[in-house]
1. Is the stretch 21-32 home to any residue that is within 14 Å of R93 (Cα to Cα), surrounded by fewer than 15 Cβ atoms within 10 Å (Cβ to Cβ) and in contact with a Pro (Cβ under 8 Å, 6 or more places away or on another chain)?
2. Test of understanding: among L47, L90, L38, which residue is surrounded by 12 or more Cβ atoms within 10 Å (Cβ to Cβ), touching a residue at least 40 places away in the same chain (Cβ under 8 Å) and within 12 Å of the chain's Cα centre (by Cα)?
3. Which of the residues belonging to the stretch 36-54 are farther than 30 Å from L13 by Cβ and in contact with a strand residue (DSSP E or B) (Cβ under 8 Å, 6 or more places away or on another chain)?
4. Given (1) touching a residue at least 24 places away in the same chain (Cβ under 8 Å); (2) touching a strand residue (DSSP E or B) at 6+ places or on another chain (Cβ under 9 Å), where does V59 come up short, assuming only one miss?
5. Going by the structure shown, is R16 touching a strand residue (DSSP E or B) at 6+ places or on another chain (Cβ under 7 Å) and in a loop (DSSP other than H, G, I, E, B)?
Amino acid sequence: MHDARMRLALASLKLRAWPYPGPVGIRERAAEGSGTLLHVVDRWQHLGTARDESEVIEVLGACGERPFDPDGYRIVAKCLERLAPRDLVLLPRTERVGP
């Protein structure tokens, strides 16, 4: 009985699996009103923001292993739940650039 109560209490803390085959972009209208920005996210982590395809490639190539951030996870998960499908862009997984 104790184990069942413990599992039930911890269920709300369970992390969801990343629901996409690779990184995604979240579209946002640019502050100055012209064009859009793309927030690049992979495995619940915000990797950076890009204005065009070359910046997306740069962000994807420059990202390295980062420690898990529970606050970032909650923010990204909530954003993706409320996101209109037209504002989500599936991005290709790229090899990291580094030493």
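The values are calculated or read from the model by the stated rules, or taken from the named source; none is laboratory data. Just so it is clear, the structure is predicted and the values come from calculations on it, not from any experiment. Heads up, the Cβs are rebuilt from the backbone with ideal geometry, glycines too, and the neighbour counts pull from every protein chain shown.
1. First, the residues of the stretch 21-32 that are within 14 Å of R93 (Cα to Cα): 21-25.
Subset that is surrounded by fewer than 15 Cβ atoms within 10 Å (Cβ to Cβ): 21-22.
Imposing the further condition that a residue be in contact with a Pro (Cβ under 8 Å, 6 or more places away or on another chain) reduces the set to 22.
So far as the stretch 21-32 goes, yes, one or more of its residues are within 14 Å of R93 (Cα to Cα), surrounded by fewer than 15 Cβ atoms within 10 Å (Cβ to Cβ) and in contact with a Pro (Cβ under 8 Å, 6 or more places away or on another chain).
2. Details: L47 fails: touching a residue at least 40 places away in the same chain (Cβ under 8 Å); L90 fails: surrounded by 12 or more Cβ atoms within 10 Å (Cβ to Cβ).
The conditions single out L38.
3. T36, L37, L38, A50, R51
4. All conditions are met except number (1).
5. Numbers: touching a strand residue (DSSP E or B) at 6+ places or on another chain (Cβ under 7 Å): no; in a loop (DSSP other than H, G, I, E, B): yes.
Considered against the rule, which asks whether it is touching a strand residue (DSSP E or B) at 6+ places or on another chain (Cβ under 7 Å) and in a loop (DSSP other than H, G, I, E, B), R16 comes out as no.
A quick yes/no check of all residues on (1) in contact with a Lys or Arg (Cβ under 9 Å, 6 or more places away or on another chain); (2) modelled with pLDDT of 90 or more; (3) of a type in the set (A, V, I, L, M, F, W, C); (4) in a helix (DSSP H, G or I):
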residue	(1), (2), (3), (4)
E55	no, yes, no, yes
V59	no, yes, yes, yes
G64	yes, no, no, no
D71	no, yes, no, yes
V76	no, yes, yes, yes
C79	no, yes, yes, yes
R86	yes, yes, no, yes
R93	no, no, no, no
G98	no, no, no, no
